[in-house]
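Colleague: This structure is in structure tokens; I'll ask about it shortly.
What follows is calculated from the coordinates using simple rules that are stated; it is not laboratory data. Nothing here was measured: the structure is a model prediction, and the numbers come from that model. Cβ sites come from the backbone with ideal geometry, for glycine too, and all protein chains shown count toward neighbours.
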Amino acid sequence: MTIVEASAVAPLARHLAGPLDDDAAPVLVLSHGITDSAACWIEAVDRWSAFGYRIVALDARGHGDSPRWDQPDLANQRTTGERLAADLVDVLEDLRAHGLRGEGPLRAPLAVVGHSMGGVTSLDVAAHRPDLVDAAVAEDPAFVTPIWRRLLAINAYRQVREMRQIAADPQARFELEMRNNPTWSPRETRASVEAACGVDLGFIAQGCVSPPTPWEEVIDSLAVPTLIVTGTERVVLRGDNLTNITRRANPTIETAVIEGAPHCVRRTFPNRFHAITDPWLARRLEANTRRQLHPTSHQAA
């Protein structure tokens, strides 16, 4: 993974929630999928905040309140994907050094949680910078092959056109999404439509959904506890895509499949998603909290 110089670009927008005055509370760094924004996590943010997590929900570059893309980073899919990873590294390095609000180095455990583009970016960074991450959760991460990357680039104009159509009549898109996805939260659906209206079309035109690291390298390199959650309907990790991951038998990776769930697993079946992820996060982050509070006794044990 090539790390782009942090000083060359403006940082991502961060949206904070949870018990921010509790320095011991674990931290979840949320990264959304392409054309979404931090606001699209609102239901999960409310839930995890109530459970005592501090939340840092990010707007990816070109999305939400974050800066638009600089042209040098849009030179090709590789430079664009490298910036996705570098942006997350910059955020995590700053959080570790300065805390959520400049209160000093972060001592509490931290997990990255991402969906689709945000999921694969979170895994890429966790694999390459395990010093920054204690655990990782990815919801149907957008792992793609070289052939798939080329197809995404060729067909990117279709998504650009779709974004323009949404921006022309966002209410019609909202109503369509609610008809097609009756279990989706209206708050998150509206946030998703609003995010699509303002997304950086220069980025969308690249057809880039992930850092350039081959998926095999990411899966083999992951050394922090990792949970990958996917579904069975129109998902990225369908069929052999998921089997190829599990066959590599990385002992740090656990997978869970929610039958009938599409690419937006959490939005479609929130209770089933949280029934898997919430206990998993609690176990992993509470274990890290105990190790940090009692390092000597842990080493002796």
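Colleague: If we count GluC sites (Glu not before Pro) as exposed when they sit in a DSSP loop and have at most 14 other beta carbons within 10 Å, what is the longest stretch of the chain that avoids them all?
Modeller: For GluC sites (Glu not before Pro) (loop position, at most 14 other Cβ atoms within 10 Å), the longest site-free span of the chain is 104-232.
Colleague: While we're looking at this one, here's another question. What list do you get for His263, His274, His98, His32 if you sort them by fewest beta carbons within 10 Å?
Modeller: Fewest-to-most ranking of His263, His274, His98, His32: His98, His274, His263, His32.
Colleague: Compactness ratio of the stretch 126-256: Cα Rg over 2.2 N^0.38 Å, N = residue count?
Modeller: Working: Rg = 17.2 Å, N = 131, 2.2 N^0.38 = 14.0 Å.
Compactness ratio reported: 1.22.
Colleague: How big is the charge dipole of the stretch 221-263 about its Cα centre, in debye rounded to the nearest 20, if each Lys and Arg gets +1 on its Cβ and each Asp and Glu gets -1 on its Cβ?
Modeller: Numbers: 4 positive and 4 negative charges, 29 e Å.
Roughly 140 debye, rounded to the nearest 20.
Colleague: To continue, here is another question. Of all the C-alpha pairs in the stretch 121-176, what % are more than 16 Å from each other?
Modeller: 65 percent
Colleague: Any idea what log10 I(q)/I(0) is at q = 0.16, 0.23, 0.24 Å⁻¹ for the stretch 178-252, Debye with uniform C-alpha scatterers and no solvent?
Modeller: -0.91, -1.10, -1.11
Colleague: Now for a separate question. Across the Cα atoms of the stretch 1-117, what radius of gyration and what greatest pairwise Cα-Cα distance (Dmax) are found, in Å?
Modeller: 14.2, 42
Colleague: So, one more: Fewest Cβ neighbours within 10 Å first, please rank Ser185, Ser192 accordingly.
Modeller: Lowest count first: Ser185, Ser192.
Colleague: I would also like to ask the following. Treating only the Cβ atoms of Lys and Arg (+1) and Asp and Glu (-1) as charged, compute the dipole magnitude of the stretch 136-249 about its Cα centre; round to the nearest 20 debye.
Modeller: 280 debye
Colleague: For Val137, enumerate residues with amide H under 5 Å from its amide H, sequence gap 5+ or separate chain, H modeled in the peptide plane.
Modeller: Under 5 Å from the amide H of Val137 lie the amide H atoms of Val112, Val113, Gly114, Leu227, each far enough along the sequence or on another chain.
Colleague: Further question on the same structure: I want the local charge near Thr277. Using Cβ-Cβ distances under 14 Å, sum +1 for each Lys or Arg and -1 for each Asp or Glu among the other residues.
Modeller: Numbers: positive: Arg47, Arg266, Arg267, Arg272, Arg283, Arg284; negative: Glu43, Glu139, Asp140, Glu254, Asp278.
Residues near Thr277 contribute +1 overall.
Colleague: Which helices pass in the chain if a helix is a full DSSP H run, must span at least 24 angstrom along its long axis by Cα, and must have mean Kyte-Doolittle hydropathy not below -0.5?
Modeller: 77-98
Colleague: Also, I was wondering about something else. Restricting things to alpha carbons, tell me how big the stretch 157-217 is in terms of Rg and Dmax, in Å.
Modeller: Using the Cα atoms of the stretch 157-217, the pair Rg, Dmax is 14.1, 42 Å.
Colleague: Quick check on the exposure proxy: order Met163, Met178 from fewest to most C-beta atoms within 10 angstrom.
Modeller: In increasing order of surrounding Cβ atoms, one gets Met178, Met163.
Colleague: So, one more: Counting Lys and Arg as +1 and Asp and Glu as -1, each charge on the Cβ, what is the dipole of the chain about the Cα centre in debye, to the nearest 20? Don't skip to the answer; put the middle values down first.
Modeller: Numbers: 31 positive and 38 negative charges, 105 e Å.
Result for the chain is approximately 500 debye, rounded to the nearest 20.
Colleague: Then there is this: Rounded to two decimal places and with Rh computed the Kirkwood way over Cα pairs, what is Rg over Rh for the chain?
Modeller: With Rg and the Kirkwood Rh in hand, the quotient comes to 0.95.
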